[in-house]
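Q: One structure coming up, written as structure tokens, with questions to follow.
The values are calculated or read from the model by the stated rules, or taken from the named source; none is laboratory data. Keep in mind the model is a prediction, meaning the values are calculated, not measured. Counting neighbours? That spans all protein chains shown, and the Cβs are built from the backbone with ideal geometry, glycine included.
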Amino acid sequence: MADRIRTIRRKKGEKKQPDPVAVQATEPSEASDTTPAPTLTPKKVKKDGPRIDAAALEAEAKALGPDAMANLMGAAVPHDPDPGQQVSGVVASVTSDTVYVNIGAKSEGMMPRLGMANADTVSEGDSITAFVVSVNARGIQLAEKQSVGGSREALEEAFLKRVPVEGRVTGRNPGGFTVDVAGVQAFCPASQIARRPDPDPDSYVGQTLLLLITECKERDLVVSAKAFEEMEAAEDAATAWDTLKEGDTKEGTVVNASDFGVFIDIGGVEGLLHKSELGHGNDVEMPAKGEKIVVRVKTMDRAKERVSLSLKDPASGPWASVGTDFVEGEKYSGTVSRVADFGAFVSLAEGLEGLVHVSQLSDHRVDHPRSVVKVGQTVEVEIVEIDAERKRIGLSMKKNAGDGRNDWKRHQNKQKKNAKSQSLGTFADLLGDLKLS
């Protein structure tokens, strides 16, 4: 009867009652005492935007080659070197028979320790320059020199790629030297036996040298040790100019000598050691050609590729005592070392000289310095001027030497005027021989 009444009410437009199932979900019925209410699962809301397929993205990344991946990451792309190419790197590790070198390629280079010049001392972190022998599935094979094994094809390859070969000098003739290169007889012209040849040509016979093949024909094989040395020197020079700086101390080899000094190779760069920089004082010896010597880089000119060297220690040189042991206004005993028309040079200490101008030799007029002083004479002088910038000392032998300071300044002003007018004699010329270290 009750169900019938509800049906009639709906027909009359009365508001529809909630669904019984929904009512059970929110409002338990009498049967809910024994039956648990069903759990509602929230409806998933669809989000706007593209979907990323992680599996597809991973597959695409794996499909990229190393070059493309490196470009995406903004990194430099490592490339394997070509056979015959000279490479430089750092030793990554050393085993009992192999040296592994990081050369910036996709894999490390491998160099057999057998045959290496420094096999017993090579260690991790050392810098190495070598030649690429081969690049294959086994890796990058390196060697300090190219082994040609007597193969004509290998000789031609070494010639084309400028790869050094090892040769033993077997004899000498008027034009040059005969050289055995892995069983093949080669010729080395006398002018090509070394970058700086030994005065005794016979000394090369029996030596084993590294050479570059300069001519490779069917019957003729011409080699040059000088070309190989120049190639190495150019590489050393490029490195030296990047790292060399003023004040550096370097060991070098005397390669040439002249009347004004010696030229010294300090690792691919040649510098001039002027005779005035050989030491303090006059009792210095000129080093001989081939002699090893430690020098200090005094000045550099990268644009002109010029380096001046010195053996002097500026911290312990005689000029270091000027201003402390030797000061303006004080009197000192010295020895006349030289006499010129314009005055006399007086040695105050070993390697330290000052000038007594002719106007400062006496309180009376002096026609010529030799009428007052002579070489070897001991005199008492007063320092009237110290020119620290030009390292020059003005002296006076007058009793009232205070006026000497003004005289010195007048001479300096006169020097500047004479230099501008290019007169025959300037005070700068007069002081040009003054040597102060």
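Q: Looking at the range 226-246, can you tell me whether even one residue there is over 25 Å from the mean Cα position of the chain (by Cα), at pLDDT 90 or above, outside any strand (DSSP E or B) and surrounded by 17 or more Cβ atoms within 10 Å (Cβ to Cβ)?
A: The answer is no, given that none of the residues of the range 226-246 is over 25 Å from the mean Cα position of the chain (by Cα), at pLDDT 90 or above, outside any strand (DSSP E or B) and surrounded by 17 or more Cβ atoms within 10 Å (Cβ to Cβ).
Q: Restricting to the range 190-223, name every residue that is within 29 Å of the chain's Cα centre (by Cα) and among the polar types (S, T, N, Q).
A: Across the range 190-223, the qualifying residue is only Q192.
Q: Another one. Mind checking which residues of the range 319-350 are at pLDDT 90 or above and of a type in the set (S, T, Y)?
A: Passing the criteria: Y332, S333, T335, S337, S347.
Q: How many of the residues making up the range 141-169 are at pLDDT 80 or above and in a loop (DSSP other than H, G, I, E, B)?
A: 3
Q: Those residues that are buried (at least 20 other Cβ atoms within 10 Å of the Cβ) and out of contact with any helix residue (DSSP H, G or I) (no Cβ under 6 Å at 6 or more places or on another chain), I need them from the range 182-203; list them, please.
A: Across the range 182-203, the qualifying residues are A186, C188.
Q: Can you tell me which condition S310 does not meet? The list is (1) farther than 27 Å from G261 by Cβ; (2) crowded, with 18+ Cβ neighbours inside 10 Å; (3) hydroxyl-bearing (S, T, Y), and all the others hold.
A: Tallying (1) farther than 27 Å from G261 by Cβ; (2) crowded, with 18+ Cβ neighbours inside 10 Å; (3) hydroxyl-bearing (S, T, Y), S310 fails exactly one: (1).
Q: Same structure again: Restricting to the range 257-270, name every residue that is in contact with an Asp or Glu (Cβ under 8 Å, 6 or more places away or on another chain) and assigned to a strand (DSSP E or B).
A: Hits for the range 257-270 are G261, F263, I264.
Q: With of a type in the set (A, V, I, L, M), part of a loop (DSSP other than H, G, I, E, B) and under 25 Å from the mean Cα position of the chain (by Cα) as the only criterion, which of A105, A130, A92 stands out? It would help to see each step written out before you state the result.
A: Values: A130 fails: part of a loop (DSSP other than H, G, I, E, B); A92 fails: part of a loop (DSSP other than H, G, I, E, B).
Within the list A105, A130, A92, the selection yields A105.
Q: Now, a different point. Looking at (1) closer than 27 Å to E153 by Cβ; (2) of a type in the set (G, A, S); (3) not assigned by TED's automatic domain parsing to the domain that holds V163, which one does G176 not meet, given that it meets all the others?
A: All conditions pass for G176, except number (3).
Q: Out of curiosity, is V294 loosely packed, with under 14 Cβ neighbours inside 10 Å, of a type outside the set (F, W, Y) and assigned to a strand (DSSP E or B)?
A: Taking the combined requirement at face value, the residue satisfies it.
Q: Quick one: I293 ticks every box in (1) under 23 Å from D180 (Cβ atoms); (2) in contact with a Pro (Cβ under 7 Å, 6 or more places away or on another chain) except a single one, so which number is it?
A: The number of the failed condition is (1).
Q: Could you grab me the full set of residues in the range 170-194 that are modelled with pLDDT under 90 and over 14 Å from L211 (Cα atoms)?
A: The answer is P174, G183.
Q: If we keep just the residues of the range 77-103 that are surrounded by fewer than 12 Cβ atoms within 10 Å (Cβ to Cβ) and not charged (D, E, K, R), which is modelled with the highest pLDDT? So that I can check it myself, show each step before the final result.
A: Residues of the range 77-103 surrounded by fewer than 12 Cβ atoms within 10 Å (Cβ to Cβ): 79, 82, 95-97.
Right, trim to not charged (D, E, K, R) and you get 79, 95-96.
Numbers: H79: 73, T95: 90, S96: 84.
Only one residue tops the list, namely T95.
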